Each structure stands twice: as structure tokens, then as C-alpha cells.
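The values are calculated or read from the model by the stated rules, or taken from the named source; none is laboratory data. Because the structure is a prediction, the values reported are computed rather than measured. Glycine gets a Cβ as well: all are built from the backbone with ideal geometry, and neighbour counts include every protein chain shown. Only protein heavy atoms, including side chains, enter the accessible area calculation; ligands, DNA and RNA are left aside. Shrake-Rupley method; radii C 1.70, N 1.55, O 1.52, S 1.80 Å.
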Amino acid sequence: MLGIATALVAGLAGCASAGTASAGSAPAHGTHEPRAATATPTPTTDPVAAYADARLANMTLRQKVASLFMLHAPGTDAAALRGFADRYGLGGMILMGDNIPGSPEALAAQTTAMRASDPALPPLIGIDEEGGDVTRLPWDGQPGGDALHSQSPDAARQAFAARAALLKQAGVNVNFGIVADVTADPGSFIADRILGTDPASASARVAAAVAGEHGTVLSTLKHFPGHGETDADSHHVVPTTPTTRAEWEARDLPSFRAGVDAGAEVVMFGHLIYSGVDSLPASLSPTWHRILADEVGFHGVTITDDLRMLQDTGLPQYQDAGENAVQAIAAGNTMVLDVIPTGSAPDALIDAVVVAVQSGRIPPARIDADARALLVLRHSIALKE
């Protein structure tokens, strides 16, 4: 996870130069190449990285941990939503259906108010805007996977470019919208949301969708390592498949790799057990996080699917929300997404992770690296607005 911040700065055009040294790094010694007299001196410190380092140095452990959470609060009262994020120091808020007012203008005003407390470091504002079955914005008339998987890749690019423009105008900066799962089974839970029924067609459309969103909102690929291997709905059970590593590499990996190569900034981990690879759900699995980083080459932000889904399975091992959050961060997720029950407070979630760090279950360096990566990302977005 230590490379996340550098990768994010490099990937956000116009925010910072990818060629500058990260904060705290020293210039090379022993090099004395002549410099033209009129040349502008090259800065030795990336200003975005320097900003992140300064903020991080003044954060308590609890503040760092809280910044790793993206949560939900109900309603369209902007002051209440902003107050919720500010009170707990959250890194992000996810907009669900109950947060969407009646017009694009009203939503833009709402998100502007949500970001107003700290304009240099606004919270990430995410949404599930896939189109088709999963559409939060009533005015999004662009097709989703149910239509796009039988159209050309360029149709996917155009649809997601238009969708990203709507989201940016509404003040949303993260779209959990690109379904990289693959299945040819029309009875699968995910069948109506996929962008391709085979690895090649899915890869082409996933890459095109990322290209369409690029530079407008942050693109998210979901649900890694792939929901298409099972028919079950992860909102109610933890789907389990005996799919082997080799089978996964042939069927499910290509579309995620294509999305990563196209520049997706976020990958969402599904609550999926591939028993041939690991006995844990991927969202809680260090093994799957290592595979994504080391073999797929992804070093951006990783986030869980809604952790509340694990509790909703009714399985006893997932009934402690704080423990789920601890395991998710220990596994390697940069952020935890949790649509907590209406009216509840996230103190127990945050406190559980703080205790896990204090007890040695989670290395402090991991918290620092993830918190810094998100500081870089949030400040970079602020500079572009």
C-alpha cells in the first residue's frame, strides 16, 4: 500500500507532476548536469505530497483511522450530511437513493455544501451509478450493462463519458459504476449489470468505460475478483465458488486487468469466497489484495463493498461490525465502505480499528500510508475543482 500516494498523484492530470520527488525524498547527490540560465528551477518537493505530509503529521491516530471510512447518512439536508462527515472526520460519504433530491441543480447545491467545511480537503463523494438496474440519478438516461454488453465498446465509452459528466456537475467525484464481472449465465445475480459475457468482450467494454470516465470522475472496477463465478447474491449470502486460480486467471482476471491498464483509480473488493484460492471473502483477504497489487499491478485505492452486507448474511462470524472493519483494513483495503443503519453512529467502527492498531493487529505504518494516500487524492481533487 505504500505506493498508493505516488500512483494517485501521477494519475491525476493537472494536480501534480508525476516526475517530481515525493515529500521527504532527497535529490540525487553527485550529479552536476549544466542547467540553462533561463530554466525555471525544478521543485524538489511535490506540493500535493507536501500538503498531505503536513496534514498527516497533525492528525491523531483516531483521525487517521476515521479518514479511511466512507459512510452513509440519510436524507438531503446538506447541513446534516456535512455535520455527520465533519463530526467523525470521515474520508468520504456515499450517496444512496435517499440522498438524491429532485433535480441536478439541487444535488449540486447539496454536494457543494457537503464539501464546504474544508475546501482544500473535501470528503470523497461516491455513488453507485452503473445505469440500468443500478441508477441513483433519475435524470441519468444513459444505458447500463444490460444494454451495453451487446453494443460496441465505443457505446460504453460514450455512455460512461456522459454519465461521468452528469456526476461531476452534481459534485460527485467517485463512481462505483463499472462492473468488471463476467458471466455467460443469464440466471446469475450479476447478469443484468455486466459489460460482457466473455473475457474478451468484457475487457473491451470495461476499458472503454474507464476511458469515458477518465479525467472527470474516479473510476471504480467491481467486484474483484469477480462476481460472475457464482449465481448467488452477495447482499444476502457470501457467495462461494470452487473456481481455481488458473480458471480465475482465464475467465475473470482479463476484464479487471483491462480496466487497471486503462487507468481505473479504484478497485472495489467483493464479499466473495474463491475456496480454491482463500477461505476468506476477498474483501477481508490479504491473499487477494496481494494478487491485485503484485500480479495485476494495481496500486490505487482499494475499497470494500458495503460491509453491512456481511452482517446481513446472518452468519455469526460477520456480526461484529467493528471486527469486519478491522479485518478489511488489515487485509489491505485503503477504505472501508459501510452503509451503516439509519440513526447509528460509527464510533464503534472507528474505535475498533484504533484498538487494533494499538494492540499490534494493524501496523501503524499501514494506517499512515492509507491515510496519506487519501489526503493526496482528496487534495488533488480539490485543486481541480
**Solvent-accessible area, 1.4 Å probe, carbon plus sulfur percent, for the chain** = 55
**Prompt:** Using a Förster distance of 56 Å, how high is the FRET efficiency between Ser152 and Val237, based on the Cβ-Cβ distance and rounded to 0.05?
**Reply:** 0.95
**Request:** Apply the Karplus parameterisation 6.51 cos²θ - 1.76 cosθ + 1.60, with θ equal to phi minus 60°, to every residue of segment 90-101 and state each ³J(HN,Hα) to the nearest whole Hz, in sequence, with x for glycine and proline.
**Result:** 5, x, x, 10, 9, 8, 9, x, 6, 9, 9, x
**Message:** Within segment 349-383, name every residue whose backbone N is under 17 Å away from a label modeled 7 Å from Cα of Arg87 along the Cβ vector.
**Reply:** 349-351
**Fill in**
Relative to the compact-globule estimate 2.2 N^0.38 Å (N residues), the Cα gyration radius of the chain stands at a ratio of 0.97
**Fill in**
Expressed as a percent, the portion of alpha-carbon pairs in segment 252-385 spaced more than 27 Å apart is 22
**Request:** Compute the relative contact order of segment 183-317 as a whole-number percentage, counting only Cα pairs closer than 8 Å that sit 6 or more residues apart in sequence.
**Result:** 27
**Request:** Treating only the Cβ atoms of Lys and Arg (+1) and Asp and Glu (-1) as charged, compute the dipole magnitude of the chain about its Cα centre; round to the nearest 20 debye.
**Result:** 1200
**Request:** Quick one: which residues, 5 or more positions from Val339 or on another chain, have an amide H under 5 Å from its amide H? H modelled 1.01 Å from N in the peptide plane, none for Pro or chain starts.
**Result:** Leu307, Arg308
**Message:** Need one number: nm distance between label points at Ser359 and Ala184, each 7 Å from Cα along Cα→Cβ, rounded to one decimal.
**Reply:** 4.8
**Complete:** Here segment 179-184 yields Karplus 3J(HN,Hα) values (6.51, -1.76, 1.60; θ = phi - 60°; whole Hz; Gly and Pro given as x) of 7, 9, 5, 10, 7, 9
**Complete:** Protection proxy (average C-beta count within 10 Å per residue), highest first, orders 211-224, 54-67 as 211-224, 54-67
**Prompt:** Can you pull out the chymotrypsin sites (Phe, Trp or Tyr not before Pro) in segment 57-129 that DSSP calls coil and that have at most 11 other Cβ atoms within 10 Å?
**Reply:** none
**Request:** Quick one: which residues, 5+ away or cross-chain, put their amide H under 5 Å from the amide H of Gly131? H built at 1.01 Å from N.
**Result:** Arg136
**Request:** Keeping all protein chains in place, calculate the accessible area per residue for the chain (probe 1.4 angstrom), answer in Å².
**Result:** 39
**Message:** I want to verify a result. In a Gaussian network model of the chain, Cα cutoff 10 Å, which of these has the top mean-square fluctuation: Leu374, Leu195, Leu315?
**Reply:** Leu315
